[in-house]
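J.: Quick one: structure below, then a few questions.
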Amino acid sequence: MAGKQPVNIVKMKKMKQEGTPLAMITAYDYPSAQLAEEAGADILLVGDSLGNVVLGYDSTIPVTLEDMVYHTRSVARGAQQTFIVADLPFMTYHGSIDETLRNVRRLMQEGHAHGVKIEGGTEIEATVRAIVQAGVPVIGHIGLTPQSVNQIGGYRVQGKDAADARRLMEDAKALERAGAFGVVLELVTEEVATAISRELSIPTIGIGAGRGCDGQVLVFHDVLKYSANYRDKRFVKTYADIGADIRRGISEYVADVKSRAFPAEEHAFRADQGVTDTLDTLYGKGKVEVRS
Ligand code: KIV
């Protein structure tokens, strides 16, 4: 967006204090980043959901650090005025702190992210603290954490009972204590997400976490139905159907090629008359005649 002041982590906290919602959306490549920036998104998340919506895996687990660096770099080229957060993918922050910091360095220096997102709560408090102490903005991610889907036993709503509510609150507070600049709450009951949002001084960003969060995030492909077989989700509101537009556009293109309606005269480049004469002389008349 021309002349836009990029949001940074100080401004995000101020926006929470002022009650101004933060709008975050995922992006995975140059055009999606450019369009999301032009549309005014505050934060772009290069989510490891790229495994599902771009790379065709059935979970985020196969996504590698290499995939994340590659996609983050193309997002950063497309959105130079927007705060970009990159996901630390599966098992890239469970080894030593040195190894974790090496992985974070790649997302920042090679991917050109401005911050990283990390899944987990109390169990990763020390890791988050070490990344923050290295000077890197970190946003936590609790509730439904897709990298642990096999442990959680599926994509289930979190925070339905009191024990779970307490656990989520403790996780959120651990992340705040460790210096995270925000917390993503995924598939968390509205009551629990609202309580966490009120208890923390850092912004919460919800996805399927109701109306009480300080901001919202959705997956680009969900907002726009950018898929061949889009499946409705209760927590998503769709704003376009570009899957249908793409299918229609490409079938019309294929039909036009088959019927020779494309390319038409206006799509072709014409040579000088002299070129036609030369070709006629060299190769015989009729070679340059265009079929209509
Ligand atoms: O990977 C992702 O897109 C995410 C969002 C769903 C928050 O983590």
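J.: Return the pairs, sorted by first residue and then second, in which the second residue is acidic (Asp, Glu) and open to solvent by less than 10 Å² (accessible area, probe 1.4 Å), the first residue lies in region 108-121 and is more than 13 Å from Val75 (Cα to Cα), the beta carbons are less than 7 Å apart, and the residues are 6+ apart or on different chains.
T.: Lys117/Asp87
J.: Only residues that are open to solvent by 70 Å² or more (accessible area, probe 1.4 Å) and at pLDDT 95 or above: list them for region 4-21, please.
T.: Scanning region 4-21 gives Asn8, Val10, Lys11, Lys13, Lys14, Gln17, Glu18, Pro21.
J.: Looking at (1) away from the ligand (no atom under 14 Å from the Cβ); (2) touching a residue at least 60 places away in the same chain (Cβ under 8 Å); (3) part of a helix (DSSP H, G or I), which one does Gln147 not meet, given that it meets all the others?
T.: The failed condition is (1).
J.: Of the residues Met91, Met1, Met108, Met24, only one is modelled with pLDDT under 95 and out of contact with any Pro (no Cβ under 8 Å at 6 or more places or on another chain); which?
T.: Of the residues listed, the single one that is modelled with pLDDT under 95 and out of contact with any Pro (no Cβ under 8 Å at 6 or more places or on another chain) is Met1.
J.: In addition: Applying the selection to region 203-221, what residues are open to solvent by 10 Å² or more (accessible area, probe 1.4 Å) and either under 16 Å from Lys11 (Cβ atoms) or over 18 Å from the mean Cα position of the chain (by Cα) (or both)?
T.: Gly210, Arg211, Gly212, Cys213, Asp214
J.: Of (1) more than 15 Å from the ligand (Cβ to nearest atom); (2) assigned to a loop (DSSP other than H, G, I, E, B), Ser251 satisfies all except one. Which?
T.: Failed condition: (2).
J.: Here's another thing I want to ask about it. Can you work out which of the residues in region 150-163 that are among the polar types (S, T, N, Q) and more than 14 Å from the ligand (Cβ to nearest atom) is least open to solvent (accessible area, probe 1.4 Å)?
T.: If we take residues in region 150-163 being among the polar types (S, T, N, Q) and more than 14 Å from the ligand (Cβ to nearest atom), then Asn150 is least open to solvent (accessible area, probe 1.4 Å).
J.: Given (1) assigned to a loop (DSSP other than H, G, I, E, B); (2) under 29 Å from Gly78 (Cβ atoms); (3) of a type outside the set (Val, Ile, Thr); (4) more than 16 Å from the ligand (Cβ to nearest atom), identify the lone condition not met by Ala180.
T.: (4)
J.: Kindly establish whether Val149 is β-branched (Val, Ile, Thr) and modelled with pLDDT of 95 or more.
T.: Answer is no for this residue.
J.: Which residues, taken from region 164-189, are surrounded by 17 or more Cβ atoms within 10 Å (Cβ to Cβ), of a type outside the set (Ser, Thr, Tyr) and free of Cβ contacts under 8 Å to residues at least 40 places away in the same chain?
T.: Listed by number, the residues that qualify are Ala165, Met169, Lys173, Glu176.
J.: Follow-up question, since we're still on this one. Do we have Ala240 as at pLDDT 95 or above and in contact with a Leu (Cβ under 6 Å, 6 or more places away or on another chain) here?
T.: Taking the combined requirement at face value, the residue satisfies it.
J.: Given the conditions (1) touching a Phe, Trp or Tyr at 6+ places or on another chain (Cβ under 6 Å); (2) closer than 14 Å to Leu187 by Cα, and given that Lys160 satisfies all but one, which numbered condition is not satisfied?
T.: It is condition (1) that Lys160 fails.
J.: Among the residues that make up region 201-219, is at least one of them part of a helix (DSSP H, G or I) and not aromatic (Phe, Trp, Tyr)?
T.: No, region 201-219 contains no residue that is part of a helix (DSSP H, G or I) and not aromatic (Phe, Trp, Tyr).
J.: Among the numbered criteria (1) on the phi > 0 side of the Ramachandran plot; (2) within 16 Å of the ligand (Cβ to nearest atom), which single criterion is violated by Val219?
T.: (1)
J.: Looking at the structure I just gave you, is Gly274 outside any loop (DSSP other than H, G, I, E, B), in contact with a Lys or Arg (Cβ under 6 Å, 6 or more places away or on another chain) and open to solvent by less than 70 Å² (accessible area, probe 1.4 Å)?
T.: Taking the combined requirement at face value, the residue does not satisfy it.
J.: So, one more: Which condition number in (1) in contact with a Cys (Cβ under 9 Å, 6 or more places away or on another chain); (2) within 16 Å of the ligand (Cβ to nearest atom) is the one that Gly210 fails?
T.: So the condition that Gly210 fails would be (1).
The values are calculated or read from the model by the stated rules, or taken from the named source; none is laboratory data. As the structure is a computational prediction, the values presented were derived from the model and not from experiment. Ideal geometry is used to build each Cβ from the backbone, glycine not excepted, and the neighbour counts take in all protein chains shown. Side chains are part of the model used for accessible areas, which takes the heavy atoms of the whole protein and leaves out ligands, DNA and RNA. Shrake-Rupley method; radii C 1.70, N 1.55, O 1.52, S 1.80 Å.
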